Amino acid sequence: MSTSTEAILVFGTPLPGDGGQEWRGAVGAQAVEVMTAELIRRLGAFTKHLQDAFASIEQRVGVYDVDQIEVAAVVTTTGKVCLLGVGAEASGEASVRLVFRRASVERQ
Amino acid sequence: MVVLTRGHYSRRADMSLLIRPHDQALELFVNGTPVALAVRRPDIALINNDLAEAASQLVTALQLGLTRGDLGSNLINAASGLAARGHAALNAIFGSVQADIRETLAAAFGVPTIEVLTDEFLIPWEWLYDQSPHTFVGTRDLAEVTSPFWALNRIVSRRRIPRLSVSDPQIAPVAVCRPPTIGLILNDALQFALREREWLRAQAQKGRIRLRELPLDLGTDAWELIRTVNRFCNEPGIDILHLACHAESDTSNPLRSFLDFGHDRHYQIDYLDQSPRVGIVAPLVFLNACSTGVRRPLETFDFVQALWRHGATNVLAVEAAMESRVAADYAVKFYELLLQGLSLGEAVYRARRALIDAGDKVEDIVALFYSLYAEPFLTLQVRDTYKVG
(Lines give C-alpha, C1' and ligand atoms only; values in the text may rest on other atoms or scores of the structure.)
Protein backbone atom coordinates (compact mmCIF):
# COMPACT_ATOMS: atom_id res chain seq x y z
CA MET A 1 0.00 0.00 0.00
CA SER A 2 1.53 3.31 -1.03
CA THR A 3 1.76 6.17 1.40
CA SER A 4 1.12 9.81 0.57
CA THR A 5 4.88 10.51 0.42
CA GLU A 6 5.88 7.80 -2.02
CA ALA A 7 6.68 8.83 -5.55
CA ILE A 8 7.82 7.33 -8.80
CA LEU A 9 10.03 8.91 -11.42
CA VAL A 10 8.62 9.89 -14.77
CA PHE A 11 11.20 10.71 -17.40
CA GLY A 12 9.98 13.16 -19.98
CA THR A 13 9.50 16.75 -20.99
CA PRO A 14 6.79 18.85 -19.36
CA LEU A 15 4.13 19.38 -21.99
CA PRO A 16 3.44 23.01 -22.94
CA GLY A 17 -0.09 22.90 -21.64
CA ASP A 18 0.71 21.35 -18.30
CA GLY A 19 1.80 24.56 -16.64
CA GLY A 20 -0.30 26.77 -18.88
CA GLN A 21 2.86 28.24 -20.35
CA GLU A 22 4.17 28.77 -23.83
CA TRP A 23 7.86 28.28 -24.49
CA ARG A 24 10.00 29.29 -27.45
CA GLY A 25 11.62 25.97 -28.12
CA ALA A 26 12.00 22.39 -27.04
CA VAL A 27 12.81 21.82 -23.41
CA GLY A 28 14.99 18.87 -22.49
CA ALA A 29 13.63 15.76 -20.86
CA GLN A 30 13.92 15.45 -17.11
CA ALA A 31 13.29 12.80 -14.50
CA VAL A 32 10.45 14.14 -12.39
CA GLU A 33 8.88 12.65 -9.30
CA VAL A 34 5.17 11.98 -9.49
CA MET A 35 3.38 11.11 -6.26
CA THR A 36 2.27 7.49 -6.37
CA ALA A 37 -1.04 8.13 -4.68
CA GLU A 38 -1.90 10.78 -7.24
CA LEU A 39 -0.90 8.53 -10.12
CA ILE A 40 -3.06 5.71 -8.74
CA ARG A 41 -5.99 8.07 -8.49
CA ARG A 42 -5.58 9.33 -12.03
CA LEU A 43 -5.09 5.88 -13.53
CA GLY A 44 -8.20 4.68 -11.74
CA ALA A 45 -10.24 7.58 -13.08
CA PHE A 46 -8.79 7.08 -16.56
CA THR A 47 -9.68 3.39 -16.74
CA LYS A 48 -13.14 4.07 -15.35
CA HIS A 49 -13.80 6.61 -18.10
CA LEU A 50 -12.56 4.15 -20.71
CA GLN A 51 -14.78 1.39 -19.40
CA ASP A 52 -17.76 3.68 -19.67
CA ALA A 53 -16.78 4.52 -23.24
CA PHE A 54 -16.19 0.91 -24.23
CA ALA A 55 -19.46 -0.23 -22.74
CA SER A 56 -21.18 1.32 -25.73
CA ILE A 57 -19.14 -0.72 -28.23
CA GLU A 58 -21.14 -3.53 -29.83
CA GLN A 59 -19.82 -6.96 -28.93
CA ARG A 60 -20.31 -8.20 -32.49
CA VAL A 61 -19.63 -6.23 -35.59
CA GLY A 62 -20.80 -8.13 -38.62
CA VAL A 63 -19.25 -11.59 -38.42
CA TYR A 64 -16.57 -10.43 -36.01
CA ASP A 65 -16.50 -10.39 -32.23
CA VAL A 66 -14.98 -7.59 -30.33
CA ASP A 67 -13.40 -9.18 -27.31
CA GLN A 68 -10.29 -7.12 -26.70
CA ILE A 69 -9.44 -3.43 -26.91
CA GLU A 70 -5.90 -2.16 -26.58
CA VAL A 71 -5.27 1.41 -25.58
CA ALA A 72 -2.01 3.39 -25.53
CA ALA A 73 -1.81 6.04 -22.88
CA VAL A 74 0.80 8.45 -21.67
CA VAL A 75 1.74 9.69 -18.25
CA THR A 76 2.95 13.28 -18.23
CA THR A 77 5.52 14.72 -15.88
CA THR A 78 2.68 16.12 -13.79
CA GLY A 79 1.02 12.75 -13.42
CA LYS A 80 -1.76 13.30 -15.89
CA VAL A 81 -2.88 10.22 -17.81
CA CYS A 82 -3.84 10.89 -21.42
CA LEU A 83 -5.02 8.79 -24.32
CA LEU A 84 -2.36 8.67 -27.00
CA GLY A 85 -4.01 9.83 -30.19
CA VAL A 86 -2.92 9.33 -33.77
CA GLY A 87 -0.02 11.65 -34.69
CA ALA A 88 0.70 12.62 -31.13
CA GLU A 89 4.27 13.81 -30.73
CA ALA A 90 6.45 11.55 -28.69
CA SER A 91 7.68 14.13 -26.26
CA GLY A 92 7.18 14.31 -22.54
CA GLU A 93 5.50 10.93 -22.42
CA ALA A 94 5.88 7.67 -20.61
CA SER A 95 3.77 5.08 -22.39
CA VAL A 96 1.31 2.77 -20.73
CA ARG A 97 -0.46 0.07 -22.71
CA LEU A 98 -3.81 -1.11 -21.38
CA VAL A 99 -5.58 -4.19 -22.71
CA PHE A 100 -9.27 -4.53 -22.00
CA ARG A 101 -10.49 -8.11 -22.53
CA ARG A 102 -14.10 -9.14 -22.20
CA ALA A 103 -14.71 -11.29 -19.17
CA SER A 104 -16.72 -13.75 -21.26
CA VAL A 105 -17.33 -13.96 -25.02
CA GLU A 106 -20.49 -15.64 -26.30
CA ARG A 107 -19.86 -17.59 -29.48
CA GLN A 108 -22.44 -19.04 -31.64
CA MET B 1 18.90 60.55 -39.51
CA VAL B 2 19.10 57.66 -37.16
CA VAL B 3 22.44 55.98 -36.85
CA LEU B 4 23.65 52.92 -35.07
CA THR B 5 26.96 54.13 -33.86
CA ARG B 6 29.65 53.51 -31.36
CA GLY B 7 29.13 56.98 -30.01
CA HIS B 8 32.19 58.15 -28.16
CA TYR B 9 35.05 56.19 -29.67
CA SER B 10 37.04 56.56 -26.51
CA ARG B 11 34.59 54.35 -24.67
CA ARG B 12 36.22 51.21 -23.44
CA ALA B 13 34.91 48.36 -21.41
CA ASP B 14 35.72 48.51 -17.72
CA MET B 15 37.18 45.08 -18.07
CA SER B 16 38.21 43.11 -21.11
CA LEU B 17 38.56 39.38 -20.88
CA LEU B 18 40.60 37.97 -23.69
CA ILE B 19 40.34 34.22 -23.83
CA ARG B 20 42.83 32.85 -26.26
CA PRO B 21 42.91 29.18 -27.18
CA HIS B 22 46.26 27.52 -26.63
CA ASP B 23 46.52 23.80 -27.19
CA GLN B 24 44.36 22.21 -24.53
CA ALA B 25 43.93 25.31 -22.47
CA LEU B 26 42.44 28.75 -22.72
CA GLU B 27 44.69 31.61 -21.73
CA LEU B 28 42.92 34.29 -19.80
CA PHE B 29 43.96 37.94 -20.04
CA VAL B 30 42.29 40.52 -17.88
CA ASN B 31 42.67 44.04 -19.25
CA GLY B 32 45.58 42.87 -21.33
CA THR B 33 47.43 41.30 -18.45
CA PRO B 34 47.84 37.55 -18.49
CA VAL B 35 46.29 35.98 -15.48
CA ALA B 36 48.35 33.43 -13.69
CA LEU B 37 46.00 30.66 -14.63
CA ALA B 38 45.00 28.98 -17.82
CA VAL B 39 41.66 27.33 -17.78
CA ARG B 40 41.76 23.89 -19.29
CA ARG B 41 39.33 23.13 -22.06
CA PRO B 42 37.93 20.04 -20.31
CA ASP B 43 37.21 22.20 -17.27
CA ILE B 44 35.48 24.75 -19.47
CA ALA B 45 33.34 21.98 -20.92
CA LEU B 46 32.42 20.83 -17.43
CA ILE B 47 31.55 24.36 -16.40
CA ASN B 48 29.37 24.78 -19.46
CA ASN B 49 27.56 21.51 -18.90
CA ASP B 50 27.11 22.26 -15.21
CA LEU B 51 25.56 25.66 -15.81
CA ALA B 52 23.42 24.38 -18.67
CA GLU B 53 22.14 21.59 -16.47
CA ALA B 54 21.31 24.01 -13.67
CA ALA B 55 19.44 26.29 -16.07
CA SER B 56 17.57 23.32 -17.49
CA GLN B 57 16.51 22.24 -14.00
CA LEU B 58 15.34 25.74 -13.23
CA VAL B 59 13.24 25.72 -16.38
CA THR B 60 11.72 22.37 -15.46
CA ALA B 61 10.90 23.64 -11.98
CA LEU B 62 9.18 26.65 -13.55
CA GLN B 63 7.17 24.45 -15.87
CA LEU B 64 6.06 22.31 -12.97
CA GLY B 65 4.79 25.30 -11.05
CA LEU B 66 7.67 26.62 -8.98
CA THR B 67 6.37 29.40 -6.78
CA ARG B 68 8.10 32.72 -6.32
CA GLY B 69 8.63 31.89 -2.69
CA ASP B 70 10.50 28.71 -3.58
CA LEU B 71 12.55 30.29 -6.35
CA GLY B 72 15.12 31.68 -3.97
CA SER B 73 15.88 28.30 -2.41
CA ASN B 74 15.84 26.69 -5.85
CA LEU B 75 18.51 29.10 -7.04
CA ILE B 76 20.86 28.78 -4.10
CA ASN B 77 20.41 25.11 -3.31
CA ALA B 78 23.94 23.77 -2.98
CA ALA B 79 23.20 20.65 -4.95
CA SER B 80 21.62 22.02 -8.07
CA GLY B 81 20.87 25.74 -7.99
CA LEU B 82 21.98 28.02 -10.79
CA ALA B 83 23.47 30.43 -8.27
CA ALA B 84 25.48 27.73 -6.56
CA ARG B 85 26.85 26.49 -9.85
CA GLY B 86 27.47 30.01 -11.06
CA HIS B 87 29.57 30.67 -8.00
CA ALA B 88 31.51 27.46 -8.50
CA ALA B 89 32.12 28.46 -12.11
CA LEU B 90 33.42 31.86 -11.02
CA ASN B 91 35.86 30.19 -8.64
CA ALA B 92 36.97 27.71 -11.29
CA ILE B 93 37.62 30.37 -13.93
CA PHE B 94 39.11 33.20 -11.90
CA GLY B 95 40.39 31.44 -8.81
CA SER B 96 42.57 33.72 -6.72
CA VAL B 97 42.22 36.81 -8.93
CA GLN B 98 38.58 37.40 -8.06
CA ALA B 99 39.41 40.05 -5.52
CA ASP B 100 41.46 42.00 -8.07
CA ILE B 101 38.63 41.81 -10.55
CA ARG B 102 36.10 43.06 -8.05
CA GLU B 103 38.40 45.93 -7.15
CA THR B 104 38.82 46.88 -10.80
CA LEU B 105 35.10 46.81 -11.45
CA ALA B 106 34.24 48.66 -8.25
CA ALA B 107 36.09 51.65 -9.68
CA ALA B 108 33.85 51.73 -12.74
CA PHE B 109 31.51 54.64 -13.29
CA GLY B 110 27.99 53.25 -13.29
CA VAL B 111 27.33 49.65 -14.16
CA PRO B 112 30.63 47.96 -15.10
CA THR B 113 30.93 46.78 -18.68
CA ILE B 114 32.79 43.58 -19.40
CA GLU B 115 33.73 42.64 -22.93
CA VAL B 116 34.63 39.04 -23.51
CA LEU B 117 36.85 38.60 -26.56
CA THR B 118 37.05 34.99 -27.52
CA ASP B 119 36.56 32.39 -30.19
CA GLU B 120 35.44 29.87 -27.60
CA PHE B 121 31.91 30.85 -26.72
CA LEU B 122 31.38 28.18 -24.13
CA ILE B 123 30.62 30.06 -20.94
CA PRO B 124 27.31 31.74 -20.16
CA TRP B 125 29.03 34.62 -18.40
CA GLU B 126 25.79 36.16 -17.22
CA TRP B 127 25.24 33.24 -14.85
CA LEU B 128 28.47 33.68 -12.92
CA TYR B 129 27.54 34.44 -9.33
CA ASP B 130 29.64 36.87 -7.33
CA GLN B 131 28.97 35.73 -3.78
CA SER B 132 28.70 32.51 -1.90
CA PRO B 133 25.07 31.45 -2.15
CA HIS B 134 25.18 30.38 1.48
CA THR B 135 25.03 34.06 2.29
CA PHE B 136 21.43 34.05 1.18
CA VAL B 137 20.15 30.88 2.79
CA GLY B 138 16.81 31.74 4.33
CA THR B 139 16.48 34.95 2.35
CA ARG B 140 13.18 35.35 0.56
CA ASP B 141 14.00 38.66 -1.12
CA LEU B 142 14.37 37.62 -4.74
CA ALA B 143 16.10 40.82 -5.78
CA GLU B 144 18.73 40.22 -3.12
CA VAL B 145 19.23 36.55 -4.02
CA THR B 146 19.62 37.30 -7.73
CA SER B 147 21.75 40.45 -7.47
CA PRO B 148 25.12 38.61 -7.50
CA PHE B 149 24.46 37.17 -10.96
CA TRP B 150 26.67 38.93 -13.48
CA ALA B 151 23.52 39.36 -15.58
CA LEU B 152 22.20 41.72 -12.93
CA ASN B 153 25.32 43.61 -11.89
CA ARG B 154 27.39 43.79 -15.08
CA ILE B 155 26.92 44.65 -18.71
CA VAL B 156 28.42 41.65 -20.48
CA SER B 157 29.04 41.31 -24.16
CA ARG B 158 30.95 38.85 -26.32
CA ARG B 159 32.88 39.44 -29.49
CA ARG B 160 35.23 37.43 -31.58
CA ILE B 161 38.99 37.88 -31.57
CA PRO B 162 40.78 39.92 -32.77
CA ARG B 163 39.52 43.05 -31.18
CA LEU B 164 38.00 45.24 -33.84
CA SER B 165 39.58 48.59 -34.43
CA VAL B 166 37.75 51.86 -34.58
CA SER B 167 38.12 51.92 -38.33
CA ASP B 168 36.61 48.50 -38.76
CA PRO B 169 33.40 48.84 -40.78
CA GLN B 170 31.56 46.67 -38.30
CA ILE B 171 31.57 49.41 -35.73
CA ALA B 172 31.59 52.44 -37.96
CA PRO B 173 28.39 54.45 -37.86
CA VAL B 174 25.72 52.94 -40.02
CA ALA B 175 23.45 55.64 -41.29
CA VAL B 176 19.85 54.61 -41.74
CA CYS B 177 16.69 56.43 -42.45
CA ARG B 178 14.68 57.86 -39.65
CA PRO B 179 12.85 56.24 -37.89
CA PRO B 180 14.59 52.87 -37.44
CA THR B 181 13.15 50.00 -39.44
CA ILE B 182 12.49 46.70 -37.75
CA GLY B 183 12.11 43.62 -39.93
CA LEU B 184 9.87 41.13 -38.15
CA ILE B 185 9.80 37.36 -38.71
CA LEU B 186 7.12 35.87 -36.53
CA ASN B 187 5.74 32.52 -35.48
CA ASP B 188 2.08 33.48 -35.38
CA ALA B 189 1.19 30.26 -33.63
CA LEU B 190 2.84 31.72 -30.53
CA GLN B 191 0.30 33.75 -28.61
CA PHE B 192 2.92 35.96 -27.00
CA ALA B 193 4.84 36.52 -30.22
CA LEU B 194 1.63 38.12 -31.46
CA ARG B 195 1.90 40.47 -28.50
CA GLU B 196 5.37 41.51 -29.68
CA ARG B 197 3.90 42.23 -33.07
CA GLU B 198 1.07 44.26 -31.59
CA TRP B 199 3.50 46.44 -29.70
CA LEU B 200 5.74 46.94 -32.71
CA ARG B 201 2.73 47.84 -34.87
CA ALA B 202 1.62 50.33 -32.24
CA GLN B 203 5.06 51.95 -32.28
CA ALA B 204 4.95 52.09 -36.06
CA GLN B 205 1.57 53.84 -35.90
CA LYS B 206 3.08 56.40 -33.56
CA GLY B 207 5.94 56.92 -35.95
CA ARG B 208 8.60 55.73 -33.53
CA ILE B 209 9.68 52.92 -35.84
CA ARG B 210 9.00 51.55 -39.28
CA LEU B 211 7.91 47.95 -39.43
CA ARG B 212 8.31 45.41 -42.19
CA GLU B 213 6.80 42.01 -41.66
CA LEU B 214 7.63 38.78 -43.39
CA PRO B 215 4.45 37.61 -45.09
CA LEU B 216 2.87 34.74 -43.19
CA ASP B 217 0.73 33.39 -46.00
CA LEU B 218 3.42 30.91 -46.92
CA GLY B 219 2.77 27.28 -47.59
CA THR B 220 4.92 24.52 -46.21
CA ASP B 221 6.97 24.21 -49.41
CA ALA B 222 10.58 24.45 -48.27
CA TRP B 223 11.80 26.21 -51.40
CA GLU B 224 9.20 28.93 -51.13
CA LEU B 225 10.04 29.37 -47.45
CA ILE B 226 13.76 29.63 -48.22
CA ARG B 227 13.31 32.14 -51.02
CA THR B 228 10.98 34.34 -49.00
CA VAL B 229 12.94 34.32 -45.76
CA ASN B 230 16.31 34.75 -47.46
CA ARG B 231 15.11 37.66 -49.56
CA PHE B 232 13.66 39.28 -46.46
CA CYS B 233 16.93 38.92 -44.54
CA ASN B 234 18.77 40.49 -47.47
CA GLU B 235 16.46 43.47 -47.79
CA PRO B 236 18.29 46.78 -47.57
CA GLY B 237 16.97 49.31 -45.14
CA ILE B 238 16.24 46.98 -42.24
CA ASP B 239 18.02 48.21 -39.13
CA ILE B 240 16.99 45.49 -36.73
CA LEU B 241 16.04 41.98 -37.80
CA HIS B 242 13.70 40.64 -35.13
CA LEU B 243 12.81 36.94 -34.99
CA ALA B 244 10.06 35.91 -32.57
CA CYS B 245 9.80 32.16 -32.96
CA HIS B 246 10.74 28.72 -31.72
CA ALA B 247 14.24 27.36 -32.09
CA GLU B 248 15.35 23.76 -31.81
CA SER B 249 18.87 22.43 -31.89
CA ASP B 250 19.71 19.06 -33.37
CA THR B 251 22.89 17.99 -31.64
CA SER B 252 23.26 14.88 -33.82
CA ASN B 253 23.08 16.91 -37.02
CA PRO B 254 23.68 20.55 -36.16
CA LEU B 255 22.95 21.90 -39.63
CA ARG B 256 19.46 20.53 -39.24
CA SER B 257 18.81 22.78 -36.26
CA PHE B 258 15.96 25.03 -37.17
CA LEU B 259 13.86 28.04 -36.45
CA ASP B 260 10.16 27.21 -36.28
CA PHE B 261 7.94 29.86 -37.84
CA GLY B 262 4.78 27.91 -37.07
CA HIS B 263 2.40 25.78 -39.15
CA ASP B 264 5.17 23.30 -39.99
CA ARG B 265 7.38 26.01 -41.43
CA HIS B 266 10.80 24.87 -40.26
CA TYR B 267 13.70 27.01 -41.41
CA GLN B 268 16.81 24.90 -41.08
CA ILE B 269 19.90 26.88 -40.36
CA ASP B 270 21.68 25.56 -43.47
CA TYR B 271 18.98 27.28 -45.53
CA LEU B 272 21.00 30.45 -45.01
CA ASP B 273 23.33 29.09 -47.73
CA GLN B 274 20.53 28.37 -50.17
CA SER B 275 19.74 30.71 -53.02
CA PRO B 276 19.46 33.59 -52.57
CA ARG B 277 22.30 33.23 -50.09
CA VAL B 278 21.72 35.28 -46.98
CA GLY B 279 23.93 38.28 -46.38
CA ILE B 280 22.45 40.14 -43.44
CA VAL B 281 22.87 43.86 -43.65
CA ALA B 282 20.81 44.78 -40.58
CA PRO B 283 23.17 46.12 -37.92
CA LEU B 284 21.37 44.18 -35.19
CA VAL B 285 19.68 40.78 -35.14
CA PHE B 286 17.42 40.00 -32.19
CA LEU B 287 16.93 36.23 -32.05
CA ASN B 288 14.10 35.96 -29.52
CA ALA B 289 13.90 32.16 -29.39
CA CYS B 290 15.02 29.42 -27.03
CA SER B 291 18.64 28.41 -26.66
CA THR B 292 20.01 30.33 -29.61
CA GLY B 293 23.07 31.56 -27.76
CA VAL B 294 26.08 29.80 -26.40
CA ARG B 295 27.48 26.70 -28.03
CA ARG B 296 27.68 23.48 -26.08
CA PRO B 297 31.07 21.75 -25.96
CA LEU B 298 29.96 18.74 -27.99
CA GLU B 299 28.31 20.81 -30.65
CA THR B 300 30.00 22.21 -33.68
CA PHE B 301 27.38 24.77 -34.38
CA ASP B 302 25.31 27.51 -32.88
CA PHE B 303 22.80 29.97 -34.27
CA VAL B 304 24.85 33.05 -33.44
CA GLN B 305 27.93 31.94 -35.33
CA ALA B 306 25.79 30.85 -38.25
CA LEU B 307 24.35 34.36 -38.41
CA TRP B 308 27.85 35.81 -38.16
CA ARG B 309 28.94 33.77 -41.15
CA HIS B 310 26.10 35.38 -43.03
CA GLY B 311 26.89 38.96 -42.28
CA ALA B 312 25.37 39.63 -38.87
CA THR B 313 27.57 41.87 -36.79
CA ASN B 314 25.57 42.27 -33.59
CA VAL B 315 23.29 39.61 -32.19
CA LEU B 316 21.06 39.45 -29.14
CA ALA B 317 20.25 35.83 -28.34
CA VAL B 318 18.99 33.55 -25.57
CA GLU B 319 21.13 31.07 -23.64
CA ALA B 320 18.45 28.64 -22.51
CA ALA B 321 14.73 27.90 -22.77
CA MET B 322 12.64 31.05 -22.79
CA GLU B 323 9.07 31.37 -21.63
CA SER B 324 7.16 33.10 -24.39
CA ARG B 325 5.45 35.72 -22.24
CA VAL B 326 8.80 36.77 -20.79
CA ALA B 327 10.26 36.88 -24.28
CA ALA B 328 7.56 39.30 -25.38
CA ASP B 329 7.85 41.45 -22.25
CA TYR B 330 11.63 41.54 -22.54
CA ALA B 331 11.54 42.54 -26.20
CA VAL B 332 9.16 45.41 -25.46
CA LYS B 333 11.31 46.64 -22.60
CA PHE B 334 14.51 46.31 -24.61
CA TYR B 335 13.14 48.34 -27.51
CA GLU B 336 11.71 50.99 -25.21
CA LEU B 337 15.16 51.49 -23.70
CA LEU B 338 16.95 51.37 -27.04
CA LEU B 339 14.60 53.93 -28.55
CA GLN B 340 15.24 56.18 -25.55
CA GLY B 341 18.88 56.30 -26.57
CA LEU B 342 20.50 53.74 -24.27
CA SER B 343 23.34 51.68 -25.70
CA LEU B 344 22.84 48.03 -26.67
CA GLY B 345 24.61 46.85 -23.53
CA GLU B 346 22.64 49.16 -21.26
CA ALA B 347 19.34 48.25 -22.87
CA VAL B 348 19.99 44.51 -22.57
CA TYR B 349 21.06 44.87 -18.95
CA ARG B 350 18.30 47.21 -17.82
CA ALA B 351 15.61 45.18 -19.52
CA ARG B 352 16.75 42.17 -17.49
CA ARG B 353 16.73 44.19 -14.27
CA ALA B 354 13.31 45.65 -15.02
CA LEU B 355 11.69 42.27 -15.47
CA ILE B 356 13.32 40.53 -12.53
CA ASP B 357 13.15 43.39 -10.03
CA ALA B 358 9.56 44.29 -10.77
CA GLY B 359 8.29 40.94 -12.01
CA ASP B 360 5.35 39.51 -10.20
CA LYS B 361 5.59 36.26 -12.06
CA VAL B 362 8.20 33.71 -11.14
CA GLU B 363 8.93 32.93 -14.81
CA ASP B 364 10.45 36.40 -15.19
CA ILE B 365 13.64 34.89 -13.79
CA VAL B 366 14.44 33.56 -17.29
CA ALA B 367 15.26 37.14 -18.28
CA LEU B 368 18.69 36.10 -16.97
CA PHE B 369 19.07 34.06 -20.13
CA TYR B 370 19.44 36.94 -22.61
CA SER B 371 22.97 37.40 -23.88
CA LEU B 372 24.67 39.94 -26.12
CA TYR B 373 27.08 39.13 -28.90
CA ALA B 374 27.77 42.67 -29.97
CA GLU B 375 29.57 45.92 -29.47
CA PRO B 376 27.98 46.95 -26.15
CA PHE B 377 28.32 50.70 -26.71
CA LEU B 378 26.40 50.81 -29.97
CA THR B 379 23.55 53.24 -29.70
CA LEU B 380 20.62 54.26 -31.85
CA GLN B 381 21.27 57.95 -32.10
CA VAL B 382 18.64 60.22 -33.47
CA ARG B 383 20.13 63.13 -35.30
CA ASP B 384 18.40 65.96 -37.05
CA THR B 385 17.78 65.35 -40.69
CA TYR B 386 19.77 67.50 -43.06
CA LYS B 387 19.23 68.67 -46.55
CA VAL B 388 21.57 67.60 -49.26
CA GLY B 389 22.37 69.86 -52.16
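The values are calculated or read from the model by the stated rules, or taken from the named source; none is laboratory data. None of the values given here were measured: they were computed from a predicted structure. Cβ sites come from the backbone with ideal geometry, for glycine too, and all protein chains shown count toward neighbours. Ligands, DNA and RNA are excluded from the accessible area calculation, which covers all protein heavy atoms including side chains. Shrake-Rupley method; radii C 1.70, N 1.55, O 1.52, S 1.80 Å.
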* Structure fact -> B:Pro276 fails exactly one of (1) modelled with pLDDT of 95 or more; (2) part of a loop (DSSP other than H, G, I, E, B); (3) in contact with a strand residue (DSSP E or B) (Cβ under 8 Å, 6 or more places away or on another chain), namely (3)
* Structure fact -> For the range B:206-227, pairs from a residue that is on the phi > 0 side of the Ramachandran plot to a residue that is in a loop (DSSP other than H, G, I, E, B) and of a type outside the set (Val, Ile, Thr), with Cβ under 7 Å and 6 or more apart or across chains, are B:Gly207/B:Pro179
* Asked: Which residue pairs have Cβ atoms closer than 9 Å, lie 6 or more positions apart in sequence or on different chains, and pair a first residue in the range A:46-62 that is in a loop (DSSP other than H, G, I, E, B) with a second residue that is open to solvent by 60 Å² or more (accessible area, probe 1.4 Å)?
  -> A:Gln59/A:Arg102; A:Gln59/A:Glu106
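Residues of the range B:314-359 being in a loop (DSSP other than H, G, I, E, B) and without any contact (Cβ under 8 Å) to a residue 12 or more places away in the chain, which ones?
The answer is B:Gln340, B:Gly359.
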* Given the conditions (1) away from every other protein chain (no Cβ under 14 Å); (2) at pLDDT 90 or above; (3) open to solvent by 10 Å² or more (accessible area, probe 1.4 Å), which single one is not true for B:Ala351? -> (3)
* To do: Give the residues of the range A:44-84 that are open to solvent by 50 Å² or more (accessible area, probe 1.4 Å) and β-branched (Val, Ile, Thr), sorted by residue number.
  => A:Ile57, A:Val61, A:Val63
* Structure fact -> Checked pairs for the range B:301-313, first among the small types (Gly, Ala, Ser), second part of a loop (DSSP other than H, G, I, E, B) and surrounded by fewer than 19 Cβ atoms within 10 Å (Cβ to Cβ), C-beta under 9 Å and 6 or more apart or across chains, list as B:Gly311/B:Gly279; B:Gly311/B:Val281
* Count, please, the residues in the range B:208-227 that happen to be among the β-branched types (Val, Ile, Thr) and buried (at least 16 other Cβ atoms within 10 Å of the Cβ). => 2
* Failed item, numbered, when B:Asn234 is tested on (1) among the polar types (S, T, N, Q); (2) open to solvent by 10 Å² or more (accessible area, probe 1.4 Å); (3) at pLDDT below 90 -> (3)
* Does B:Ala54 count as within 16 Å of B:Asn91 (Cβ to Cβ), buried (at least 18 other Cβ atoms within 10 Å of the Cβ), at pLDDT 85 or above and small (Gly, Ala, Ser)? -> yes
* Asked: Yes or no: B:Ala193 open to solvent by less than 20 Å² (accessible area, probe 1.4 Å) and either more than 14 Å from every other protein chain (Cβ to nearest Cβ) or out of contact with any helix residue (DSSP H, G or I) (no Cβ under 6 Å at 6 or more places or on another chain) (or both)?
  -> yes
* Structure fact -> Subset of the range B:224-276, residues of a type in the set (A, V, I, L, M, F, W, C) and within 13 Å of chain A (Cβ to nearest Cβ), comes to B:Leu243, B:Ala244, B:Cys245, B:Ala247, B:Phe258, B:Leu259, B:Phe261
* To do: Among what's in the range B:69-102 and is among the small types (Gly, Ala, Ser), more than 23 Å from the chain's Cα centre (by Cα) and within 19 Å of B:Val116 (Cβ to Cβ), pick the residue that is surrounded by the most Cβ atoms within 10 Å (Cβ to Cβ).
  => B:Ala92
* To do: For the range B:104-119, name all the residues that are of a type in the set (A, V, I, L, M, F, W, C) and either surrounded by fewer than 17 Cβ atoms within 10 Å (Cβ to Cβ) or more than 16 Å from the chain's Cα centre (by Cα) (or both).
  => B:Leu105, B:Ala106, B:Ala107, B:Ala108, B:Phe109, B:Val111
* Structure fact -> Log entry, pairs with first residue in the range B:121-142 being within 30 Å of B:Phe303 (Cα to Cα), second being open to solvent by 80 Å² or more (accessible area, probe 1.4 Å) and not in a loop (DSSP other than H, G, I, E, B), beta carbons closer than 8 Å, six or more apart or on different chains, reads B:Asp130/B:Arg102
* Do you know which residues across the range B:39-51 are without any contact (Cβ under 8 Å) to a residue 60 or more places away in the chain and open to solvent by less than 20 Å² (accessible area, probe 1.4 Å)? -> B:Val39
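Search the range B:170-205 for residues being more than 24 Å from B:Val229 (Cβ to Cβ) and modelled with pLDDT under 95, and hand back the single one that is farthest from the chain's Cα centre (by Cα). Steps first, please.
Of all residues in the range B:170-205, those more than 24 Å from B:Val229 (Cβ to Cβ) come to B:171-173, B:175, B:178-179, B:202, B:205.
Within this subset, residues satisfying the condition of being modelled with pLDDT under 95 are B:171-173, B:175, B:178-179.
Working: B:Ile171: 18, B:Ala172: 21, B:Pro173: 22, B:Ala175: 24, B:Arg178: 25, B:Pro179: 24 Å.
Here the answer is B:Arg178.
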* Scan the range B:19-38 residue by residue and report those that are outside any loop (DSSP other than H, G, I, E, B), surrounded by fewer than 18 Cβ atoms within 10 Å (Cβ to Cβ) and in contact (Cβ under 8 Å) with a residue 40 or more places away in the chain. => B:Arg20, B:Pro21, B:Val30, B:Ala36, B:Leu37
* Would it be correct to say that B:Ala367 is over 20 Å from B:Gly183 (Cα atoms) and open to solvent by 10 Å² or more (accessible area, probe 1.4 Å)? -> no
* Structure fact -> When every residue in the range B:120-132 that is part of a loop (DSSP other than H, G, I, E, B) and more than 15 Å from B:Arg40 (Cα to Cα) is compared, the one nearest to the chain's Cα centre (by Cα) is B:Pro124
* **Residue selected from the range B:312-348 under the condition closer than 23 Å to B:Asn187 by Cβ and open to solvent by 20 Å² or more (accessible area, probe 1.4 Å), by the criterion nearest to the other protein chains (Cβ to nearest Cβ)** => B:Arg325
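Can you report the number of residues in the range B:43-96 which are of a type in the set (Gly, Ala, Ser) and within 12 Å of chain A (Cβ to nearest Cβ)?
Residues meeting the conditions: 6.
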